[in-house]
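The values are calculated or read from the model by the stated rules, or taken from the named source; none is laboratory data. Since we're looking at a predicted model, the values are computed, not measured. Quick reminder, even Gly has a Cβ in these numbers, built from the backbone with ideal geometry, and neighbours come from all protein chains shown.
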Amino acid sequence: MGDDLIVDVEMRFPAGFVIQAALRTSIERGGVLVLFGPSGSGKTTLIRAIAGLERPARGTIACGAETWFDAARSVFLEPQRRRVGYVFQDTALFPHLTVRRNIEYGIGRLQPRVRAGRVEEMLEMVESSDLAERHPRQLSGGQAQRVALGRALAPRPRLLLLDEPFAALDAPARVRMRRMLRSAVDRLAIPSVLVTHDRNEAIALGDQMAVLAEGRIRQVGPVLEVLRRPADLVVARSVGIESVVPAEIERVDQGLVDLRVGGTTLRAVEVELDRDTRQVFACIRAEDVTIERSPASNASARNHLPGRITSIESDGPIERVIVDCGFPLAALITRHAREELALHEGASVVAAIKATAVHLVPKA
Amino acid sequence: MDWTAIWVSARLSFATMVVLLIVGVPVAYWMAFSRWRWKFIVEAVVALPLVLPPTVLGFYILLSIGPRSPIGRLVAAASGSGLPFTFEGLLVASVLYSLPFAVQPFSAAFSSVDRRLVEASWSLGVSRSATFWRVVLPLSMRGVVTGMVLSFAHTLGEFGVVLMIGGNRPGVTRTISVSIYDSVQALDYEAASQASLLLLLVSFTILAVTYSLQRSVWAAWPHGR
């Protein structure tokens, strides 16, 4: 058994809401676990329990060989001794301390020279060297969140917990933060748990994904796996039915983007991409995919992908059709349309997608 | 003007303020953060001096530090003299009498510190007590100053408790307020008005400075005086 984060807890809320969350994930080689769920599903409470800021009613929490919480044996390790880094949604920087003192706050036990070096290193890592002498109230939302990340990483935690850290940021700041976070945790090899209800964030940052819905962890697995194959209807509803595929930008021309996806090319509309972004995820909602028997000659859709139907699943009047067109593409159509087109597994079809329906998420 | 009495009052107020800072901060911290279900009882006890007549409070304090009480006997055995009608006895009474004026602003200031800052500090491996010194106290500074100033001002103006506990020993327990009372009794209106005006100006100045310092702590203040 390697280093695993094991969470198996029951938490009760005054209103009678109960979370029963069981989760096991390897943290041996770093990586980002996305804890995904709609707002109010208890994600924050769950990572607060991992940090030791909340005490579950029942269960165990273990990190590697250390038991952090065990209700049966009355074990509760104080937050101070868990060595986690915690990044709050609203930064929670100490308002009376400068940026430098904030970052220095958790490493008072290091020797002065080591400490000074560490502070400089963190300032650089979160691109805040020029902000060192400012107070938190003099920082923008994005700057403050970067400093909060630096403060959490300075003591070299064994686990980094992030509670919707980008929720309050505007889109460009968010993309920049994601990239910074990803490179920081990769460089320091610190395993991370990121709470979010934003699918783009999960896609851009996550390696693994755990879906929390209706008080339970419904599914744990690689992000694209979970998005492509939701374990049940609850997961499918909360993650949305969507095809997500890694893609590479080939050409940007007058606001249109040509993407290399699987063995084929997709055309999309450019949105808020950095000049040097090459690796992206292309996201296509199943509702936006049209299935044709043969290519329509004069359709407005920019993408016509020939492929073969690999599966058809029925969900009442709606059918979920997966077409292999170099990559697996999900389409939602009515049963009526399926019957009219005489679709069946193995049939050759053309999937049509408007360029505006291909949504791009830059890889962090 | 009775400068001796002014000096006694100033010494008493200052000493009360210092003792309340030392005693009041832990009590206020406990009141701000404890989740004990019977906490309201302690809160009520701390607030009692706000509503009790000074004579009632003074009476009980006198009984409890008098030579017949266990505490009184203990003190008498240790110091060779009793507490009643001494400066030290007066100090004990003043501390109790001004307790809410220090503890309530302290407590309001501590509990208005964002809980997440405390949690952030804990997550960074900093102990509870170090978190108090490095985060909670610095962010509560204005509330702490308010509490100290109020307890100073309140002690400066106390009268009933002084009479009950301290008596009227010049240079030891005769404070400015008692001195004013004596002057009026002796029909010395000249001395009384001088001392009264001084007390009025000093109290007003202290309170005006306090109000200008901190409005938010004052807003959490449940009682006026």
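Would you please name the residue that is farthest from the other protein chains (Cβ to nearest Cβ), looking only at residues in the range B:121-130 that are surrounded by 20 or more Cβ atoms within 10 Å (Cβ to Cβ) and assigned to a helix (DSSP H, G or I)?
Ranking the candidates gives B:Ser121 first.
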Single residue of the range B:133-174 satisfying the filter (part of a loop (DSSP other than H, G, I, E, B) and free of Cβ contacts under 8 Å to residues at least 60 places away in the same chain) that is nearest to the other protein chains (Cβ to nearest Cβ): B:Ser140
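Give the range A:64-111 a look and list any residue that's away from chain B (no Cβ under 14 Å) and within 25 Å of the chain's Cα centre (by Cα), or say none.
Step one: of the range A:64-111, the residues away from chain B (no Cβ under 14 Å) are A:64-67, A:69-75, A:99-100, A:111.
Residue satisfying the conditions is A:Gly64 alone.
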Residue, nearest to A:Ala173 (Cα to Cα), within the range A:242-273, restricted to residues that are among the acidic types (Asp, Glu) and within 23 Å of the chain's Cα centre (by Cα): A:Glu272
Failed condition for A:Ala330, given (1) over 16 Å from A:Pro246 (Cα atoms); (2) in contact (Cβ under 8 Å) with a residue 24 or more places away in the chain: (1)
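Which strands (runs of 3 or more DSSP E) does the range A:53-99 wholly contain that include 2 or more residues that are over 22 Å from A:Pro136 (Cβ atoms)?
On the way: elements: A:58-63, A:66-70, A:84-87.
Correct list: A:58-63, A:66-70.
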The range A:292-321: number of residues that are closer than 16 Å to A:Ala282 by Cα and either in a strand (DSSP E or B) or outside the structural domain of A:Gly263 (by TED's automatic domain parsing) (or both): 3
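Taking only the range B:163-205 into account, find how many residues are aromatic (Phe, Trp, Tyr), more than 28 Å from B:Thr146 (Cβ to Cβ) and loosely packed, with under 14 Cβ neighbours inside 10 Å.
Residues meeting the conditions: 1.
Listed residues A:Arg109, A:Arg82, A:Arg115; which is of a type in the set (Lys, Arg), surrounded by 14 or more Cβ atoms within 10 Å (Cβ to Cβ) and within 14 Å of B:Leu124 (Cα to Cα)?
On the way: A:Arg109 fails: surrounded by 14 or more Cβ atoms within 10 Å (Cβ to Cβ); A:Arg115 fails: within 14 Å of B:Leu124 (Cα to Cα).
Exactly one residue qualifies, and that residue is A:Arg82.
Do the conditions hold for B:Leu83, that is, is it part of a helix (DSSP H, G or I), aliphatic (A, V, I, L, M) and crowded, with 19+ Cβ neighbours inside 10 Å? Before the answer, list the steps.
Values: part of a helix (DSSP H, G or I): no; aliphatic (A, V, I, L, M): yes; crowded, with 19+ Cβ neighbours inside 10 Å: yes.
It is false that B:Leu83 is part of a helix (DSSP H, G or I), aliphatic (A, V, I, L, M) and crowded, with 19+ Cβ neighbours inside 10 Å.
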Selection within the range A:123-181 - aliphatic (A, V, I, L, M), away from chain B (no Cβ under 14 Å) and not in a loop (DSSP other than H, G, I, E, B): A:Leu123, A:Met125, A:Leu131, A:Ala171, A:Ala173, A:Val175, A:Met177, A:Met180, A:Leu181
Residue in the range A:269-281 that is more than 26 Å from A:Asp207 (Cβ to Cβ) and either hydrophobic (A, V, I, L, M, F, W, C) or outside any loop (DSSP other than H, G, I, E, B) (or both) present: yes
Of all residues in the range B:86-120 being touching a Ser or Thr at 6+ places or on another chain (Cβ under 8 Å), in a helix (DSSP H, G or I) and within 14 Å of chain A (Cβ to nearest Cβ), the one that is surrounded by the fewest Cβ atoms within 10 Å (Cβ to Cβ): B:Val118
Residue ID - farthest from A:Met122 (Cα to Cα), chosen from residues in the range A:138-164 that are basic (Lys, Arg) and surrounded by fewer than 24 Cβ atoms within 10 Å (Cβ to Cβ): A:Arg158
Residue count, the range B:175-198 (criterion: farther than 18 Å from B:Ser13 by Cβ and not in a helix (DSSP H, G or I)): 3
